[in-house]
1. Which residues, counting only those in region A:64-93, are at the interface with chain B (Cβ under 8 Å from one of its Cβ atoms) and either part of a strand (DSSP E or B) or surrounded by fewer than 22 Cβ atoms within 10 Å (Cβ to Cβ) (or both)?
2. Being under 22 Å from B:SER400 (Cα atoms) and crowded, with 21+ Cβ neighbours inside 10 Å is the filter here, so list the residues in region B:311-331 that pass it.
3. How about region B:50-74: which of its residues are surrounded by 16 or more Cβ atoms within 10 Å (Cβ to Cβ) and touching a residue at least 60 places away in the same chain (Cβ under 8 Å)?
4. Can you name the residue in region A:39-51 that is within 9 Å of another protein chain (Cβ to nearest Cβ) and closer than 14 Å to A:ASP86 by Cα and, of all such residues, is surrounded by the fewest Cβ atoms within 10 Å (Cβ to Cβ)?
5. For region B:13-31, does any single residue satisfy the condition of being hydrophobic (A, V, I, L, M, F, W, C), over 20 Å from B:ARG465 (Cα atoms) and away from ligand 2 (no atom under 16 Å from the Cβ)?
6. Please specify each residue of region B:602-615 satisfying the condition of being closer than 19 Å to B:ASP569 by Cα and either open to solvent by less than 60 Å² (accessible area, probe 1.4 Å) or of a type in the set (Val, Ile, Thr) (or both).
7. Filter region B:670-681 down to residues that are touching a Gly at 6+ places or on another chain (Cβ under 9 Å) and within 22 Å of B:ARG722 (Cα to Cα) and give me whichever is farthest from ligand 2 (Cβ to nearest atom).
8. For region B:90-105, give me each residue that is within 11 Å of ligand 1 (Cβ to nearest atom) and in contact with a helix residue (DSSP H, G or I) (Cβ under 9 Å, 6 or more places away or on another chain).
Amino acid sequence: MTLDTTINDDVRWTTVCAYPRLEPERGVAALVDGEQVAVFRTHDGQLFAIGQRDPIAGAYVMARGIVGSRGEAPTVASPLHKQVYDLRTGHCLDVPGVAVPVYRVRCRDGLVEVAPGHRPTGES
Amino acid sequence: MNERTSQRGELVVVGNGMVGQRFVEALRSRDGGGRWRVTVLAEESRAAYDRVRLSAFFDGVSAEELSLHQPDDGVDLRLGEPVVAIDRERRRVRTGAGEYPYDALVLATGSYPFVPPIDGAYVDAGPDAIGPTPALRPGVFVYRTLDDLTAIRDFAKGRRNGAVVGGGLLGLEAANALRLLGLGTHVVEFAPRLMPVQVDEAGGAMLRRYVEELDVVPHLGVATTAIRSRPDGELAGLTLSDGSWLPTDLVVVAAGIRPRDELARDAGLTLGERGGVRVDAGCRSSDERIWAIGECAAVEGTCYGLVAPGYAMAEVVADRLVGGTAAFPGADLSTKLKLLGVDVAAFGDAHGTTPGCLDVTFTDPATRVYAKLVLSDDARTLLGGVLVGDVTAYPALRASVGGPLPGPPLALLAPAGDGTGTGSGIAALPGSAQVCSCNGVTKDQLVDAIAEGCVDVPGLKACTRAGTSCGSCVPMLKQLLAVSGVSLSKALCEHFAHSRQELFEIIRVREIRTFSRLVAEHGTGRGCDICKPAVASILASLGNGYVLDGEQASLQDTNDHFLANIQRDGTYSVVPRIPGGEITPEKLIVIGEVARDFQLYTKITGGQRIDLFGARVEQLPQIWRRLVDAGFESGHAYGKALRTIKSCVGSTWCRYGVQDSVGLAIALELRYRGLRAPHKIKSAVSGCARECAEARSKDFGIIATDNGWNLYLGGNGGFRPRHAELFGTDLSTEDLVRYVDRFLMFYIRTADRLQRTAAWIEALEGGLEHLRAVIVDDSLGLCAELDAAMARHVGAYSDEWRDTLEDPDRLSRFISFVNAPDVPDPSITFEVERGQPVPAMGERRPVTLGLPTTMGVPS
Ligand SMILES: Cc1cc2nc3c(=O)[nH]c(=O)nc-3n(C[C@H](O)[C@H](O)[C@H](O)COP(=O)(O)OP(=O)(O)OC[C@H]3O[C@@H](n4cnc5c(N)ncnc54)[C@H](O)[C@@H]3O)c2cc1C
Ligand code: SF4
């Protein structure tokens, strides 16, 4: 098993994969310090990372949802019951009060990196 | 009998026909305080059913579907217990089982079919005093009850010719029934034209041309004088009044009806001059405790042979019994029917009997449309009319009777084609005009219902009852919704203003191959879980190859994306194809071994195959490898696609089977496997009419006959179960496959997203008839295209599991974690239940959909 972790800016970034490994508008699951994270690349090349756990169904499936948009918001829909989440904030756009955690993610030297320890949801 | 001394009144209803049933419902809804205890005594062994739609029985509609009965209506319903006498003095009615006291008695006994005293029609010499229905000789039938129809169907088996005595409304319905039963059909009518009561001479002539085209032979202007038997007792034929001889194996007499007033007569109640229980405008008979409603009542001397006036009487009596003063308003005798595939409507003063009235007629031999309007002498008021061939104008015209014309006469009569031609009609109607005459619903009531939030036809039906009986006003309901500004958006989602069908056409005609191009040129944003799978399905239907290549992958729902069915814990289930449900022991063993080795929960599905549950994403390719090596392929259980074609063992094994149902099911399943569609498609093939494969609950169901196959379309189980409707009989295998090909391709092209075939057919303008025109008669000139599309599908089919296994790039998607492909998802754990693994709930909480307030933000 290969888990790459680098420490930088006081943040430990975990490399999850090479950027081209991400298909546009599709997610992958990654293990970041024992947490399951869903990483997405949108059509315009941006990266997003949210918790892999669907908070409503309780199953770890978010990376397998359909990526799209609602208004301005880039979104992913839970593959189980189709609730839609804003990839930027983690907020569920269909059920008030429900959210998934959001992680920091970046592309460096062609590698996609995620910072463990999610930000409080709601900040973008 | 028990004497009851409660505060409640005893109400006894005699007859549980259409009107008796409506009366009980009307009383129940008015008598909230439970003032009346209701007993219904019924002669027939079945609870009330829709007699108006009786003939649908021969189109395969079951007795249950025709039922009008509401099981929990709090009424003591005694079936098969006819009343034999009324004792007015003691206020009791008597049945074979006992006596029932009443405080109020409602007669709803309907009519009996009138059989003229034709020599040889009865078991004995002639009609004697055995009551309204003396015993008819075998082979002679009437057409009134479900039992009558069952008897006709059973008798017709193996016979070739049938004749109907009577060329009126009922006679033509019976003639169509005989046709559907495969008999050569003759109609004998005494009047010089068909449907003499409803249409005039020119309308009758048009009707005759339609009828003859269907190989129904009319014999007009002649009476039936005798029914003759062969020496062996079988029916030989009819002697007609012009001396001619008409050979036939079966006779249906539809020569009119007579009110069933025998109970009232014996009890000494006043009858109408031409029979029927004489009642006043409040439907009360000469005995103040006895009421009569429906066809057995002669309201102020007149009997009505239609259901709408009967319903009005039912409402009147229900109102009176709770202290109201309602009165029978007089009746609208308009009729609209589809007889032998011809639309016919007559309304108001159809025969122009009003002094000084004017006729405006319109005849088009090319389209075979005939229409006549009867106007008042100043040509301003519509009095009545007749329509044959095209009745789109009927609802608006009927509602305008007695008022100004809703438009210039010719514009009203000329075929509108799309049904919107009379759109000005509804707006021009006064608010008091009855839009639904069966249930007496006015335009004002409908407008109010729309104002209160009804947005569609089902909504209007539910809150006003309009359109729930004969359905002829449904086009008017649609117009009313449209002019009231209620328009349901057909937009698929926020990203496309188009319907699925429009998108299909855009993609097909512009040869669009990617979602990106489609959404850039025709939509907004980046799509969502609604439009993306819909577009993926369209692209797949149009033959764009492997569903996970290139951009298509990002469009697929998780099921299509992983070629398996996601389950509540995020694992998947795997269903290999088992065509027709036939499987060798060797293959069965392989499935067992795979399930054992991967520890999969195993269950037999309703579609005659085996579902293996609990596979993790990274296990899927390994499971497929084992299955594909053993000769299995994907069963597409995950796709909006053809699922299974069930079969019974058929003629190979079953002693009743008449065709090889398994062989056909396998051939069809292999032909249509992998076909992507707006929704899942299911099918089944039964080897004989016993229907062990439950084919009629499928999108397309096939039932073997002695001569070929019967094809049924548009059935489904699920939330709103529905039986498929008979589309074709005794089809050769070749024709069957051709029709199914076209049916599927036309459905794929034109249905809405997630619209099953039943709803799709329902929504087609013209329904099943239209579908038949398109795929049998090629009315849209589409058949060649549909055939080519299916040929392409069959030629291009390739197993998605095998395609995935053969390509390392494709396989790379099937991993748990992109940075730790060897680590299985730690959240997936199992417990054992009845010896098999099932999801352990552990950290996962149950789904509490619909209760958002109980869900917190996870920390
Ligand atoms: C094939 C067919 C097509 C039709 N099409 C149309 C149409 O298109 N439009 C239209 O408006 N009308 C149509 N009608 C007529 C319509 O069905 C009748 O007007 C309607 O059913 C009358 O209802 P009812 O309750 O008065 O009588 P019924 O429905 O006949 O019910 C009377 C019931 O009372 C029972 N009964 C009789 N005597 C006794 C007794 N002594 N004790 C207990 N029970 C008794 C009978 O068995 C029967 O079940 C059609 C009828 C037929 C047969
Ligand atoms: S449908 Fe007919 S052929 Fe098939 S199993 Fe049943 S009885 Fe036998």
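The values are calculated or read from the model by the stated rules, or taken from the named source; none is laboratory data. These figures come from a predicted structure and were not determined experimentally. A quick note on method: Cβ atoms are made from the backbone with ideal geometry, for glycine too, and the neighbour counts reach across all protein chains shown. SASA here: full protein model, heavy atoms, side chains in, ligands and nucleic acids out. Shrake-Rupley method; radii C 1.70, N 1.55, O 1.52, S 1.80 Å.
1. Within region A:64-93, the first condition is being at the interface with chain B (Cβ under 8 Å from one of its Cβ atoms), and the residues that meet it are A:64-71, A:74-75, A:77, A:79-82, A:84.
Correct list: A:ILE66, A:VAL67, A:GLY68, A:SER69, A:ARG70, A:GLY71, A:PRO74, A:THR75, A:ALA77, A:HIS81, A:LYS82, A:VAL84.
2. Initially, region B:311-331 is screened for residues under 22 Å from B:SER400 (Cα atoms), giving B:311-312, B:328-331.
The answer is B:TYR311, B:ALA312, B:PHE328.
3. Answer for region B:50-74, where residues must be surrounded by 16 or more Cβ atoms within 10 Å (Cβ to Cβ) and touching a residue at least 60 places away in the same chain (Cβ under 8 Å): B:ARG51, B:VAL52, B:LEU54, B:SER55, B:PHE57, B:PHE58, B:GLY60, B:VAL61, B:LEU66.
4. Checked region A:39-51; the qualifying residue surrounded by the fewest Cβ atoms within 10 Å (Cβ to Cβ) is A:THR42.
5. Start the filter on region B:13-31 by keeping residues that are hydrophobic (A, V, I, L, M, F, W, C), which leaves B:13-14, B:18-19, B:23-24, B:26-27.
The next check asks that each one be over 20 Å from B:ARG465 (Cα atoms); those that pass are B:13-14.
Add one more test, that the residue is away from ligand 2 (no atom under 16 Å from the Cβ), and what stays is B:13-14.
Checked against the condition, which is being hydrophobic (A, V, I, L, M, F, W, C), over 20 Å from B:ARG465 (Cα atoms) and away from ligand 2 (no atom under 16 Å from the Cβ), region B:13-31 yields at least one hit.
6. Residues satisfying the conditions are B:THR602, B:ASP611, B:LEU612, B:PHE613, B:GLY614, B:ALA615.
7. B:ALA677
8. B:VAL93
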